[in-house]
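The values are calculated or read from the model by the stated rules, or taken from the named source; none is laboratory data. Since this is a predicted model, take the numbers as computed values, not measurements. FYI the Cβ positions are ideal-geometry reconstructions off the backbone, even for glycines, and counts take in every protein chain you see. Surface areas here come from the heavy atoms of the whole protein model, side chains and all, with no ligands, DNA or RNA. Shrake-Rupley method; radii C 1.70, N 1.55, O 1.52, S 1.80 Å.
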Amino acid sequence: MGIISYIREEIQVVRERDPAIRSNMEVFLYPSFRVILKYRLAHKLYLKKHYFLARWISQRAARKTGIEIHPGATIGKGLFIDHGSGVIIGETAVIGNNVTLYQGVTLGGTGKEKGKRHPTLEDNVMVSAGAKILGSFTIGENSKIGAGSVVLEEVPPNCTVVGVPGRIVRMDNKKIPRSDLDQIHLPDPVLNDIRKLQQENIRLHSQLRRLIKNMRCIEKEGEADEDL
């Protein structure tokens, strides 16, 4: 693909997914557009083992855009990074086609692995703002990761994951039974657990009050027997 055709394709990706863009010229100011172009160049150099030059290009791009993409990462077509500040994509991360990342997303390692140590995101995955995906495993195609989630294990295709640590709350567009929540957007299993704990706390307090009441009644009956 020629550079002109590639730029046109990237312009189309940005315009399709960001309603704030009003013209093609605005796309050239977009951090995602600029950093992905720099990544493509750095990645080619990385594959040719020009590691220092590849890192030099990627680090300059990171300073200018706030988006850090290691030149060793493998990225398919149609990656869209919305806003992008704070996004980090590790060396062995693999990203499929038409993936969307929001600001503050990290595709990182755990610090304990060697070789493939960053996640793989299959086609059409969406990762919401502030989410962290840490480790060498796969996020299945068409899956969504909720804002602020921390994902530490494999996610099958067509799932929705939320929480810390991340838990699957929808699979194939159906709610997982243990997370029966009524939320406007993404379910919140952490809030659900808190509510269950609150209910259990109320139940235990009620039992304790009844127990104390019964003990006082027994004490009064014992005092009455002594008086007799």
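So the values come out like this:
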{"read-out": "Conditions (1) open to solvent by 60 Å² or more (accessible area, probe 1.4 Å); (2) in contact with a Cys (Cβ under 8 Å, 6 or more places away or on another chain); (3) at pLDDT 85 or above; (4) of a type in the set (A, V, I, L, M, F, W, C): number failed by Met171", "value": "(3)"}
{"read-out": "Filter pass, Ile89 being open to solvent by less than 10 Å² (accessible area, probe 1.4 Å) and within 18 Å of Ile145 (Cα to Cα)", "value": "yes"}
{"read-out": "Among residues of the range 152-174, those that are part of a strand (DSSP E or B) and out of contact with any Leu (no Cβ under 8 Å at 6 or more places or on another chain), counted", "value": "8"}
{"read-out": "Which numbered condition Arg55 misses (of (1) basic (Lys, Arg); (2) more than 18 Å from the chain's Cα centre (by Cα); (3) modelled with pLDDT under 95)", "value": "(3)"}
{"read-out": "Where Lys77 falls short, out of the listed (1) on the phi > 0 side of the Ramachandran plot; (2) surrounded by fewer than 19 Cβ atoms within 10 Å (Cβ to Cβ)", "value": "(1)"}
{"read-out": "Output for the range 25-48, where each listed residue is open to solvent by 80 Å² or more (accessible area, probe 1.4 Å) and at pLDDT below 80", "value": "Leu29"}
{"read-out": "Failed item, numbered, when Asp82 is tested on (1) in contact with a strand residue (DSSP E or B) (Cβ under 6 Å, 6 or more places away or on another chain); (2) under 20 Å from Ser143 (Cα atoms)", "value": "(1)"}
{"read-out": "Residues that are buried (at least 19 other Cβ atoms within 10 Å of the Cβ) and more than 18 Å from the chain's Cα centre (by Cα), drawn from the range 63-72", "value": "Thr65, His70, Pro71, Gly72"}
{"read-out": "Residues (assigned to a strand (DSSP E or B), touching a Ser or Thr at 6+ places or on another chain (Cβ under 8 Å) and not aliphatic (A, V, I, L, M)) located in the range 94-127", "value": "Thr120"}
{"read-out": "Residues that are under 13 Å from Ser128 (Cβ atoms) and small (Gly, Ala, Ser), drawn from the range 87-117", "value": "Gly104"}
{"read-out": "Failed item in (1) more than 20 Å from Lys64 (Cβ to Cβ); (2) among the charged types (D, E, K, R); (3) in contact (Cβ under 8 Å) with a residue 12 or more places away in the chain, with Lys38 passing the rest", "value": "(1)"}
{"read-out": "All positions within the range 154-166 that are touching a Pro at 6+ places or on another chain (Cβ under 8 Å) and not hydroxyl-bearing (Ser, Thr, Tyr)", "value": "Val162, Gly163"}
